[in-house]
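K.L.:
Got a structure for you, written out below as structure tokens; questions coming shortly.
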Amino acid sequence: MERILTYNINANSNSIKISHYLRNKGYSLQNIAALKQMEGSILVNHHPRHMNERLQKGDQLTVHIRENAVSDNILPVPLPLNILFEDEDLLIINKPAGMPTHPSANNRDNSLANGLAWYFKQQHKPFIFRCNNRLDRDTSGITIVAKHMVCASMLSAMAVRHEVCR
């Protein structure tokens with residue numbers, strides 16, 4: 001999964017380190033560590049920069065998230081998905097009763113995760129299952145799935161602050 005996020009730096013963020021700016025935006029320490037390992041993931045005014053460099057008013061910070069790993073243990077299976085909303089960061093799905101959220105010993109190939117693995121495989125996109133709220137198999141309802149690591153951590157932090165309910 002690839003995602004490019006762009007931030008325009010204003011006077012309130014003048015002289016702040018890139019890592020601190022990203023932390024203030026909701027990036028986790030794990031996200032920042034992962035981005036450090038991705039070559040060319042942090043650009044300021046289209047030039048590669050290190051996380052400890054300082055931003056200036058008027059700078060444009062670009063974060064390029066590149067994730068190629070996949071959830072290897074989730075078998076892609078063509079299953080019906082009721083996608084209510086999708087953008088570059090997340091999917092909102094109406095999970096039906098009777099469908100497990102993720103595979104288990106007794107449900108290896110009929111879960112929401114299996115259906116999503118198929119959905120992304122058809123688009124030739126890597127897929128890591130990052131479900132923000134797990135519903136029991138017999139429970140129907142709205143499920144939020146993050147498409148990349150930054151969205152997953154932001155949703156998780158929002159849930160901790162009770163800005164979204166699990």
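K.L.:
GNM on the chain, C-alpha springs below 10 Å: top fluctuator among LYS125, LYS17, LYS57?
P.N.:
LYS57
K.L.:
Before anything else, pin down the relative contact order of the stretch 20-166: Cα pairs under 8 Å, at least 6 apart, normalised by residue count, whole percent.
P.N.:
Dividing the mean separation by the residue count of the stretch 20-166 yields 22 percent.
K.L.:
Something else now. Holding the Cα-Cα limit at 31 Å, pick out from LYS17/LYS147; LYS17/LYS125; LYS17/LYS121; LYS95/LYS121 the pairs that are longer than that.
P.N.:
Table pairs above 31 Å Cα-Cα are LYS17/LYS125; LYS17/LYS121.
K.L.:
How far is the Cα center of the stretch 44-78 from the Cα center of the stretch 80-123, in Å?
P.N.:
25 Å
K.L.:
Can you classify the stretch 50-99 as rounded, prolate or oblate using the Cα gyration tensor, where a ≥ b ≥ c are the square roots of its eigenvalues, rounded means a/c under 1.5, and otherwise it's prolate if a/b beats b/c and oblate if not?
P.N.:
prolate
K.L.:
Where does the chain land on the Kirkwood hydrodynamic radius, alpha-carbon pairs, in angstrom?
P.N.:
Over the chain, the inverse of the mean reciprocal pair distance is 17.3 Å.
K.L.:
Could I ask something else about it? Working out 0.36 nm times the residue gap between SER140 and GLN37, then minus their Cα-Cα distance, what length gain in nm do you get to one decimal?
P.N.:
Extending this stretch completely gives an extra 33.2 nm.
K.L.:
Which net charge results for the neighbourhood of MET51, defined as the other residues with beta-carbon distances under 12 angstrom from its beta-carbon, given Lys and Arg at +1 and Asp and Glu at -1?
P.N.:
+4
K.L.:
With a 1.4 Å probe and every protein chain kept in, tell me what percent of the accessible surface of the stretch 56-143 is carbon plus sulfur.
P.N.:
49 percent
K.L.:
Quick one: pull the percentage of alpha-carbon pairs in the stretch 45-136 with a separation above 18 Å.
P.N.:
More than 18 Å apart: 54 percent of the Cα pairs in the stretch 45-136.
K.L.:
Where the accessible area of the stretch 1-44 is counted over protein heavy atoms with a 1.4 Å probe, how much of it, in %, is carbon and sulfur?
P.N.:
After summing per-atom areas, the C and S share lands at 43 percent.
K.L.:
Which residues in the stretch 5-27 place their backbone N less than 11 Å from a point set 7 Å from the Cα of GLU53 along the Cα-to-Cβ direction?
P.N.:
Zone members listed by number: 18.
K.L.:
In the stretch 9-94, which GluC sites (Glu not before Pro) are in a loop and have at most 10 other Cβ atoms within 10 Å, using DSSP for the loop call?
P.N.:
Loop-located and lightly packed - GLU39.
K.L.:
Is any residue of the stretch 39-81 close enough, with backbone N under 19 Å, to a label point placed 7 angstrom from the Cα of THR6 along the Cα-Cβ axis, and if so, which?
P.N.:
Inside the label zone: 40-49, 55-66.
K.L.:
Skip the ligands, DNA and RNA, and give the accessible area per residue of the chain with a 1.4 Å probe, whole Å².
P.N.:
57 Å²
K.L.:
Find the eigenvalues of the gyration tensor of the Cα atoms of the stretch 5-66, then list the square roots of 5 times those eigenvalues as equivalent ellipsoid semi-axes, largest first, in whole angstrom.
P.N.:
Three semi-axes, in Å: 17, 13, 9.
The values are calculated or read from the model by the stated rules, or taken from the named source; none is laboratory data. Predicted, not measured: the structure shown is a model, and the values here were computed from it. Neighbour counts run over all protein chains shown; Cβ positions are idealised from the backbone, glycine included. In case anyone asks, the SASA skips ligands and DNA or RNA and just uses the protein heavy atoms, side chains included. Shrake-Rupley method; radii C 1.70, N 1.55, O 1.52, S 1.80 Å.
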